[in-house]
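Some notes on the structure that comes next.
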2 protein chains.
Amino acid sequence: MVERRKPIPVQEAVDKVMALSYEGSTELISLSESDGRHLSEDVKADHDVPPFDRSPYDGFAIRSVDTYNAGQDSPIELEVIEEIGAGTVATKIPEANQAIRIMTGAPIPEGTDAVIMLELVQELQVEAQHFIKIKRRVKKGDNLSLQGEDTRKGTILVEKGSIITPGVKALLATFGYAKVPVAVKPDVGIFATGTELLDPEEALEPGKIRNSNSPMIEGQVKAAGANPLYFGKLDDDFETCFTSVQQALEKVDLLITTGGVSVGDYDYLPAIYEKLGATVLFNKVGMRPGSVTTVAEWNGKLLFGLSGNPSACFVGFELFARPILKRALFSQYPYRMKSMGTLLTDFPKPNPFTRFVRCRTEEREGRIYVKPTGLDKSGSVTSLAEANAFAVLPGGTRGYKSGDLVDLIHLRDGGSDYL
Amino acid sequence: MVERRKPIPVQEAVDKVMALSYEGSTELISLSESDGRHLSEDVKADHDVPPFDRSPYDGFAIRSVDTYNAGQDSPIELEVIEEIGAGTVATKIPEANQAIRIMTGAPIPEGTDAVIMLELVQELQVEAQHFIKIKRRVKKGDNLSLQGEDTRKGTILVEKGSIITPGVKALLATFGYAKVPVAVKPDVGIFATGTELLDPEEALEPGKIRNSNSPMIEGQVKAAGANPLYFGKLDDDFETCFTSVQQALEKVDLLITTGGVSVGDYDYLPAIYEKLGATVLFNKVGMRPGSVTTVAEWNGKLLFGLSGNPSACFVGFELFARPILKRALFSQYPYRMKSMGTLLTDFPKPNPFTRFVRCRTEEREGRIYVKPTGLDKSGSVTSLAEANAFAVLPGGTRGYKSGDLVDLIHLRDGGSDYL
């Protein structure tokens, strides 16, 4: 009467999803709109940086040989024969005891081999002539930014799939990417199921709760770099429900439903997958929360049946939907960042399944500590608002205690909101 | 002839900026557009969560007393008198040896005090009657999600100034925020200065480089939660330049210029501040890179004169402009996250000024390690693309070595791209 489902291990479930062949595509957009998008090609240097030897300071371009005898008690004087700003090229070539006034970023004039900073000279005006007095020896090559010292032409600067952060944007501008090749944002459809669900603007009624999963998943989809399309609540009637799912699949790359995946009498999703002829990859995972997560594939489209419990829904998206979206965005690192942290709380109760405990990390003296954000019940929504990581507690016969070093899955990719 | 500027310590410079009275304002937007915005009010629970005692599982609501004698060898039978889904309320009250079929999320029926999971019973159909067989004793309160166990009505759930993450969005939906009060995005004007600058679409010329600072600052402004307005390059002519700045100040809350703040002959910004009658808070900071950063205030508008060197420009924005923008967005934590990490590289050369070294962090076995991303020259753009933190190396007479624990400023706020 009741379907008995066999749970599969979390890693196996992730691997099954990632074995699907769903791929992304590419488009060209303007540099100014590119923040936060994923590059769909490697960025290569089309020229050396700096593109020429240049001055990193305001000062004077000199011939170092002229300062050979300069010292505190034996200043030397050089005649300033020209003045160049950034963006201009010197027209004269200094001879013995001549110098050129040079601004930050300007190319080093021919015939000179060092720069002395403005602050280190004394300027003199003798009628129409301009001189500088120098009281120290300057070495050949002093204060030069050399051509190519930052980047050599041809270097791969940023890998395909990287997120366009402010630093990456600076590189794109430097190398003339007025248009940037980026991954097209996957379209992700969202349906809520559950007759108990009210919209945020509706007043509460006995037995009913507001639908928090759809706005949350919408946010998770955006944070992953994809484009959410909310289709509303699925109807109670099976046929209407089936038609809605079928129509939605025409418009999206990936379809997420929340709720309706349990073994209860009102849980239509399994029947919908069957009627579609979709291949179900798994319908139960050995984890808490989120054990009833179902993933299916139909005609190159992916169907994610996430639990109706907010925390289970959140975890299900992060573990199973996000990585394949990231891969379609060409990311080389589609998984959330993993590391380890020291527990600040006991978890005395053993659990047969792997737990993903919503936590907040703290960093002290170069170490990472972690504590749970409130109740660890799968229905809890408040704990999600504060969590920045999951502590991963493998299932077994023993609990965990404060001081244990455990695996963490951070709710970020690379350690920066710029990455 | 040359203005001698007195550098002030970094912390003093930050404090001077934060002492300015620039404040943010508030607006109401729809929940679905609210991702990544800053709350302008505390979010409070307007009802208990769960709002009623409910079932966390699909199963049967029972009277625990009926199972008192149940065991592996002494199963008991209960008659199922009604079936309720989530969102519906039972119409019957079970008497001795009666149960109600209940779905996940449905309210616990009057007269029952526990739930037994679907998987743990055997269902029997005897003509029109429906029975369940139970082989274990169920305790009062088993499998109930109690009213208010997640959140009590009146609790402050999320503080004013917090970023709306997917988890926060779930809370907003739960508590009926169809419209959300958020901070208005500050308008931040951006000017580039420098005759050597080309736009990304222009071909390279001798002595010229492409303007990478403006697109980068645009990205940093967006990442901070504000609205960038790029006004182009400032003209070489002082009067035109002055008029452009004056007109821009009418349209923005904060004006950023890159370049033109040194003591060179083409650096107009100091003269513009003077002609405006702006109060210069500081024009030199004891730090590398970014020592020539200038901040001024005029008529409630803030002027940030950042260095033209990309890395110095980047650091100047992060240290001085971002925190006051975050405060105008009501953030309780306007500064970047600080922690400590262990150096993986030597920095043998002492430096009289505090260095902000662009670094990438690594986490291993619960500890944070840090290494520089390429050259630490202030003109380097490639190092910015990979950095996720600054290592802060205070100035002094000694260098630093691999293994030293140093302060870090992470390029993120709270440890999550959801925060």
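Readers should treat all values here as calculations from the given coordinates under stated rules, not as data from a laboratory. Nothing here was measured: the structure is a model prediction, and the numbers come from that model. For neighbour counting, all protein chains shown are included, and Cβ atoms are generated from backbone atoms with ideal geometry for every residue, glycine included.
Taking 0.36 nm per residue of separation and subtracting the Cα-Cα distance, what length does fully extending B:S25 through B:E202 add? Can you show the working numbers first?
Values: separation 177, 0.36 × 177 = 63.72 nm, distance 3.93 nm.
Taking B:S25 through B:E202 to full extension adds about 59.8 nm, to one decimal.
Between A:Q332 and A:D187, what is the label-to-label distance in nm when each label sits 7 Å out along the Cα-to-Cβ direction?
Distance between the two pseudo-spin positions: 3.2 nm.
Taking 8 Å as the Cα distance limit and 6 or more residues as the minimum spacing, I'd like the relative contact order of region A:276-419 as a percentage. All intermediate terms of the calculation are to be shown ahead of the outcome.
On the way: 299 pairs, mean separation 34.9, N = 144.
Relative contact order of region A:276-419: 24 percent.
Based solely on its DSSP helices, what 222 nm [θ] is calculated for the protein assembly as shown when runs of n ≥ 4 H residues each add -39,500 (n - 2.57) and the sum is averaged over all residues, nearest 500 deg cm²/dmol?
Numbers: 16 runs with 142 residues, N = 838.
Only helices count here, giving -5000 deg cm²/dmol.
Once a ≥ b ≥ c are taken as the square roots of the eigenvalues of the Cα gyration tensor of region B:250-324, is the result rounded (a/c under 1.5), prolate (a/b larger than b/c) or oblate (a/b not larger than b/c)?
Numbers: a/c = 1.75, a/b = 1.19, b/c = 1.47.
Judged from the Cα gyration tensor, region B:250-324 comes out oblate (a/c at least 1.5, b/c at or above a/b).
Tell me the trypsin sites (Lys or Arg not before Pro) within region A:118-188 that lie in a loop according to DSSP and have at most 15 other beta-carbon atoms within 10 Å. Spell out each step's value before the answer.
Numbers: sites: A:K133, A:K135, A:R136, A:R137, A:K139, A:K140, A:R152, A:K153, A:K160, A:K169, A:K179; in loops: A:K135, A:R136, A:R137, A:K139, A:K140, A:R152, A:K153, A:K160.
When the trypsin sites (Lys or Arg not before Pro) of region A:118-188 are filtered for loop state and at most 15 Cβ neighbours within 10 Å, A:K135, A:R136, A:R137, A:K139, A:K140, A:R152, A:K153 remain.
Note the distances from B:E83 to each other copy's matching label point, with points 7 Å along the Cα-to-beta-carbon direction, in nm, sorted shortest first.
9.2
Given region A:59-134, what whole percent of its Cα pairs are spread farther than 18 Å?
On the way: 925 of 2850 pairs.
Everything past 18 Å amounts to 32 percent.
Is the shape of region B:338-410 best called rounded, prolate or oblate, per the rule: a/c under 1.5 gives rounded, else a/b larger than b/c gives prolate, else oblate, with a ≥ b ≥ c the square roots of the Cα gyration tensor eigenvalues?
Since a/c reaches 1.5 but b/c is at least a/b, the shape of region B:338-410 is classed as oblate.
In whole Hz, with x marking every Gly and Pro, tabulate ³J(HN,Hα) for region A:25-31 from phi via Karplus 6.51 cos²θ - 1.76 cosθ + 1.60, θ = phi - 60°.
9, 10, 8, 9, 10, 6, 4
Restricting to DSSP loop positions (anything but H, G, I, E, B) with no more than 11 other Cβ atoms inside 10 Å of their own Cβ, which GluC sites (Glu not before Pro) remain in region B:92-143? Don't jump to the answer; show the numbers that get you there.
Numbers: sites: B:E95, B:E110, B:E119, B:E123, B:E127; in loops: B:E95, B:E110, B:E127.
For GluC sites (Glu not before Pro) across region B:92-143 that sit outside H, G, I, E and B with at most 11 neighbouring Cβ atoms in 10 Å, the list reads B:E95, B:E127.
Most exposed first by the Cβ proxy, i.e. fewest other Cβ within 10 Å, how do B:V126, A:V280, A:V381 rank?
Going from least to most buried by this count: B:V126, A:V280, A:V381.
Per Stokes-Einstein, at 20 °C and 1.002 mPa s, what whole-number D in µm² s⁻¹ belongs to the protein assembly as shown, with the Kirkwood radius over Cα pairs as the hydrodynamic radius?
Values: Rh = 29.8 Å.
Taking Rh from Cα pairs, D becomes 72 µm²/s.
For B:R210, list long-range residues whose amide hydrogen, built 1.01 Å from N in the peptide plane, is under 5 Å from its own amide hydrogen.
Those lying under 5 Å, H to H, from B:R210 are B:L198.
Can you sort A:V43, B:V65 by how many other beta carbons sit within 10 Å, fewest first? Don't skip to the end; give the middle numbers.
On the way: A:V43 23, B:V65 12.
Lowest count first: B:V65, A:V43.
Label-to-label distances across copies for A:T155, with labels 7 Å out along Cα→Cβ, in nm, shortest first?
Shortest to longest, the spacings are 5.1 nm.
Using a label point 7 Å beyond Cα on the Cα-Cβ vector, give me the inter-copy distances for B:K349 in nanometres, one decimal, shortest first.
Copy-to-copy label distances for B:K349: 5.9 nm.
When only DSSP loop residues count, what GluC sites (Glu not before Pro) in region A:1-83 have their Cβ near at most 13 other Cβ atoms within 10 Å?
On the way: sites: A:E3, A:E12, A:E23, A:E27, A:E33, A:E41, A:E77, A:E79, A:E82, A:E83; in loops: A:E3, A:E23, A:E41.
Within region A:1-83, the qualifying GluC sites (Glu not before Pro) (loop, at most 13 other Cβ atoms within 10 Å) are A:E3, A:E23.
Of the options B:N143, A:G277, A:L197, report the single residue whose Cα projects farthest towards the positive end of the charge dipole of the protein assembly as shown (beta-carbon charges: Lys, Arg +1; Asp, Glu -1).
The residue sitting most towards the positive pole is B:N143.
Round to the nearest 0.05 the FRET efficiency obtained for B:E362 and B:K139 when R0 = 41 Å and r is the Cβ-Cβ distance. Numbers along the way, then the final one.
Details: r = 49 Å, r/R0 = 1.18.
Efficiency, from the Cβ-Cβ distance: 0.25.
If R₀ is 60 angstrom, what is the calculated FRET efficiency for the pair B:D404 and B:E110, using the beta carbon separation as r and rounding to 0.05?
It comes out at approximately 0.35.
In whole Hz, with x marking every Gly and Pro, tabulate ³J(HN,Hα) for region A:205-210 from phi via Karplus 6.51 cos²θ - 1.76 cosθ + 1.60, θ = phi - 60°.
Working through the residues one at a time gives 10, x, x, 10, 9, 7 Hz.
Starting at the first residue of region B:333-340, write each ³J(HN,Hα) from the Karplus equation 6.51 cos²θ - 1.76 cosθ + 1.60 with θ = phi - 60°, in whole Hz, x for Gly and Pro.
Those phi angles translate into 10, x, 9, 4, 5, 10, 7, 10 Hz.
What full-extension length gain, to one decimal in nm, is calculated for B:K275 and B:Q247 as 0.36 nm per residue of separation minus the Cα-Cα distance? Intermediate values should be presented prior to the final figure.
Values: separation 28, 0.36 × 28 = 10.08 nm, distance 1.39 nm.
Here the segment from B:K275 to B:Q247 would lengthen by 8.7 nm.
When the Debye formula is applied to the Cα atoms of region B:302-373, each taken as the same point scatterer, what base-10 log of I(q)/I(0) results at q = 0.15, 0.16, 0.23, 0.25 Å⁻¹?
Each listed q corresponds, in turn, to -0.71, -0.79, -1.14, -1.18.
Amide H neighbours of B:V158 under 5 Å, at least 5 residues apart or on other chains, H built in the peptide plane: list them.
Under 5 Å from the amide H of B:V158 lie the amide H atoms of B:V43, each far enough along the sequence or on another chain.
Tell me the Kirkwood hydrodynamic radius of region B:191-268 in angstroms, computed as one over the mean inverse distance between distinct C-alpha pairs. The partial results should precede the final answer.
Values: mean 1/r = 0.0740 Å⁻¹.
Result for region B:191-268, one decimal place: 13.5 Å.
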